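The values are calculated or read from the model by the stated rules, or taken from the named source; none is laboratory data. Predicted, not measured: the structure shown is a model, and the values here were computed from it. Every residue, glycine among them, receives a Cβ derived from its backbone with ideal geometry; neighbour counts consider all protein chains shown.
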Amino acid sequence: MNNDALTALTHTQLDSSTKGIPLGETVTVAEIGQRGWNVARGDLALPVTTLRSGAITHNLEVMAEYCRRHNALFAPHGKTTMSPQLFRRQIDAGAWAMTAATPSQASVMRKFGVTRVIVANELVDRAALAWAAREMAADPDFELYSLVDNADAVAAADHVLAELGTTVTLKVFLEVGVAGGRAGVRSEQEAVAVAEAVAAARHFELVGLETYEGLVTGGDRPEDFAALDAHFDRVRHWMTVLNERQLLTADQVFVTAGGSSYFDRVVAKLGDWSDFPRRVRLILRSGCYISHDAGKYHKLSPLDGRRAENEDLRLVNALESWASVLSTPEPGIAILSTGKRDVAHDLSLPTPIRVHHRDGSVTDLAREGVEIYKLMDQHAFLRIPPGVSLSPGDIVVSGLSHPCTAFDKCRFLPLIDDEYTVDGAVLTFF
């Protein structure tokens, strides 16, 4: 990655116009870990979302080891964090590539020197195709991959690249979709037609198949896993069909899938290609692993809630939301200084974990039945059972569900140690 760009990032100056920076303070990113701020003591401007440094390091090591054990390449989805500092750590931990959802995200990755990017979407806009052509022409070591699912769109994009006068070749995966889902071919006939269009194009090369199994199901019942396996069987069959028709001509062929909930089923069904006539590499793209969460992925991850008895690897939650108790206006209710603009709420509401009282004591809220039952723009409604005492000025810590919609609400996320002292920070680019 581009060390100069990352170094420049650490010189970024922040003040209290950035959510979380103490009021009246001005500080560079590099200086943040030297200030001795402690979030439990109330040193930061609340609300703020933090990352546990130790958990981030642990999760990076766990996923790298998981991929090594299963001989899988890893291209984590950068849309989760959009943090170049975390991209650097993911690549240093062995990531083969970074995955982006949009050309703009890919451009951020390029700005900070990522040399291999998968855009997990179709490139159809002229401006995006022109950017891709310029980037590849300017840096022969840069590898860019994207998706295709429509023969006419392939021909149109090839025409745009020809008009631009470029000589680059865009490597593409055929996207295998799900009925009722989003993009991706729905039938074998479509798959063959798109692959034939790629073969006829001057500026495209088909390098394998792509899918996202999270569109198949979001559950953990036997029928959910059966549906996942049936989907992966279809991917495998189409790979065989395209190979037999000599439509997979790249020197290296890939199959890529793997969100953060079912990557164990991806490995089980698409990891072994020893019976295939060509060498195939599996690329996992799980992105939420780096922070994990206290909701969906805590429940569904094969390295947490669905962890097999013989699995010794485990992901841990790094994301925490901190908010002050503003008011206790009625018995059994507290109002917190956080809301929809501050925390993820698309999958489930935040889950209270503990409260740091003004006197320095700590109460475990997870075991007390305390819950957040409503969010407004800047307020959270907390239901307090009898026997639990909260007062204005106390600080409530909550776990979040869905990292992708937690990071995008924060330009600045402090890194904290086990004593809640800030030892660094990451910036995001959404």
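Let's see how each residue does on (1) crowded, with 23+ Cβ neighbours inside 10 Å; (2) within 21 Å of V185 (Cα to Cα); (3) touching a Lys or Arg at 6+ places or on another chain (Cβ under 7 Å):
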residue: V114; (1), (2), (3): yes, no, no
residue: E122; (1), (2), (3): no, yes, no
residue: A133; (1), (2), (3): no, no, no
residue: D139; (1), (2), (3): no, no, no
residue: V148; (1), (2), (3): yes, yes, no
residue: D152; (1), (2), (3): no, yes, no
residue: A156; (1), (2), (3): no, yes, no
residue: E163; (1), (2), (3): no, no, no
> Out of curiosity, is D43 more than 28 Å from A294 (Cα to Cα), among the acidic types (D, E), touching a residue at least 12 places away in the same chain (Cβ under 8 Å) and surrounded by fewer than 19 Cβ atoms within 10 Å (Cβ to Cβ)?
Replying inline: no
> Which of the helices (runs of 4 or more DSSP H) contained wholly in segment 84-187 include at least 3 residues that are over 26 Å from the mean Cα position of the chain (by Cα) and within 30 Å of Y66 (Cα to Cα)?
Replying inline: none
> When the residues of segment 309-333 are filtered to those that are in a loop (DSSP other than H, G, I, E, B) and touching a residue at least 24 places away in the same chain (Cβ under 8 Å), which remaining residue is farthest from K19 (Cα to Cα)?
Replying inline: L313
> Applying the selection to segment 2-58, what residues are under 23 Å from G360 (Cα atoms), over 26 Å from the mean Cα position of the chain (by Cα) and part of a strand (DSSP E or B)?
Replying inline: N38
>> Can you tell me which condition D293 does not meet? The list is (1) within 13 Å of T49 (Cα to Cα); (2) touching a Pro at 6+ places or on another chain (Cβ under 9 Å); (3) not assigned by TED's automatic domain parsing to the domain that holds T217; (4) not polar (S, T, N, Q), and all the others hold.
In response: (3)
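So that you can scan it fast, the table gives a plain yes or no per residue for (1) at negative phi; (2) modelled with pLDDT of 95 or more; (3) assigned by TED's automatic domain parsing to the domain that holds I290; (4) out of contact with any Asp or Glu (no Cβ under 6 Å at 6 or more places or on another chain):
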residue	(1), (2), (3), (4)
L44	yes, yes, no, yes
P47	yes, yes, no, no
H58	yes, yes, yes, yes
E65	yes, yes, yes, yes
H70	yes, yes, yes, yes
L73	yes, yes, yes, yes
G78	yes, yes, yes, yes
T81	yes, yes, yes, yes
Q90	yes, yes, yes, yes
>> Within segment 97-107, does at least one residue satisfy the condition of being farther than 28 Å from L144 by Cβ, in contact (Cβ under 8 Å) with a residue 24 or more places away in the chain and among the hydrophobic types (A, V, I, L, M, F, W, C)?
In response: no
>> I need every pair where a residue in segment 258-282 that is closer than 14 Å to H231 by Cα has its Cβ under 7 Å from the Cβ of a residue that is among the β-branched types (V, I, T) and in a helix (DSSP H, G or I), sequence separation at least 6 or different chains.
In response: G258/V266; L270/V235
>> Show me the strands (runs of 3 or more DSSP E) found entirely inside segment 190-304 where at least 3 residues are of a type outside the set (A, V, I, L, M, F, W, C).
In response: 204-211
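Conditions tested, residue by residue: (1) in contact (Cβ under 8 Å) with a residue 24 or more places away in the chain; (2) buried (at least 17 other Cβ atoms within 10 Å of the Cβ); (3) over 21 Å from A250 (Cα atoms).
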{"position": "E175", "(1), (2), (3)": "yes, yes, no"}
{"position": "R182", "(1), (2), (3)": "yes, no, yes"}
{"position": "R186", "(1), (2), (3)": "no, no, yes"}
{"position": "V192", "(1), (2), (3)": "yes, yes, no"}
{"position": "F204", "(1), (2), (3)": "yes, yes, no"}
